[in-house]
Amino acid sequence: MRYLVLSDLHANFQALEAVLATAPPRSYDSFLVLGDLVGYGADPNVVIEQIRELRPNLVIRGNHDKVASGLLAPETFNPAARHAVTWTIEALDATNREYLRTLPAGPVLLDENVELWHGAPDDEDFYIFTLEDAEHAVDLLRRPLGLFGHTHVQGVYRLPDETNGVRYVRPDVSGRIALPANGRILINPGSVGQPRDGDPRAAFAIVDTDAHVVELRRVPYPVAVAQARILEAGLPLSLATRLAVGR
């Protein structure tokens with residue numbers, strides 16, 4: 001099975017469009033979205049409609065999706081995020097707001113290989129950044145592969161066996177990481193719409209359980225166009241400038 005895995009689109013249509021051009025429907029068997037379709041960017045309706053049109057096998061909700069659809073109050077957000085989500089609430093049409101409201105919470109068991117969530121298996125709003133965080137998530141895994149987002153940082157954590165502990169795995173120069181025949185693995189595809197790992201290119205992943213490989217991919221997109229859309233919408237300047245540096 002070949003899975004296309006996207007997360008944290010954040011209403012950045014230019015980035016999403018570039019990713020989808022790189023990974024057309026014929027290139028994967030299953031299409032998964034790990035939450036945060038909206039927030040920060042200026043095209044929430046267009047992004048949601050594009051995802052709905054493609055009919056992914058599964059889309060789960062993120063924290064921005066919850067706030068934008070009225071399921072969560074925005075008080076925990078920083079000022080820029082709160083400004084953006086307040087704007088998003090007003091910009092969303094009723095159909096797309098209801099779509100976000102009905103997205104399932106993770107974790108979800110997809111099949112015999114994969115489960116997925118937005119933040120962590122026991123808290124959809126928690127950030128997995130450290131080996132300790134990853135170790136805790138691996139302990140809760142019910143499938144060999146756990147897919148998550150939320151941090152906007154692309155990466156893979158692997159538990160090769162039950163004695164040596166979780167390790168962070170670096171890809172080769174092509175962005176590929178071999179899937180273990182045994183053990184468990186956590187995969188963060190990174191953010192399509194607002195990367196925060198120092199690389200401004202849109203991030204996503206291809207997980208191929210037949211070839212036993214994860215491909216961590218990056219693709220350039222017209223950042224200046226996305227920035228202009230943010231500024232035209234009256235959203236904070238910081239949300240535009242960070243796109244150019246991937247932070």
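A few comments on the model shown:
- In this simple spin-label approximation, D208 and E98 carry label points 7 Å from Cα along the Cα→Cβ vector, and these lie 4.1 nm apart.
- The computed semi-axes √(5λ) of the Cα gyration tensor in Å for the structure shown corresponds, within (1) 28, 19, 17; (2) 32, 19, 16; (3) 34, 22, 17, to (1).
- Once exposed loop GluC sites (Glu not before Pro) are cut out (DSSP; at most 15 other Cβ, 10 Å), longest piece of the chain: 1-111
- If you take the Cα centroid of the stretch 92-153 and the Cα centroid of the stretch 40-66, the two points sit 15 Å apart.
- Nearest-ten-degree value, helix 79-91 long axis tilted from longest Cα axis of the chain: 70 degrees
- Simple label model, 7 Å out from Cα along Cβ direction - L131 to S27, nm: 3.4 nm
- The slack between R170 and S238, meaning 0.36 nm per residue of separation minus the straight C-alpha distance, is 21.5 nm.
- Counting only DSSP beta bridges with both residues in the stretch 2-244, the antiparallel share comes to about 70 percent.
- Helical content alone sets the calculated 222 nm signal of the chain at -8500 deg cm²/dmol, taking -39,500 (n - 2.57) per DSSP H segment of four or more residues and averaging over every residue.
- Summed residue charge, Cβ within 9 Å of R218's Cβ, Lys/Arg positive, Asp/Glu negative: +1
- Rounded, prolate or oblate (a/c below 1.5 giving rounded, otherwise prolate when a/b exceeds b/c) for the stretch 1-141 by Cα gyration tensor: oblate
Quick note: the coordinates plus some simple rules give every number you see, no bench work behind them. Since this is a predicted model, take the numbers as computed values, not measurements. Counting neighbours? That spans all protein chains shown, and the Cβs are built from the backbone with ideal geometry, glycine included.
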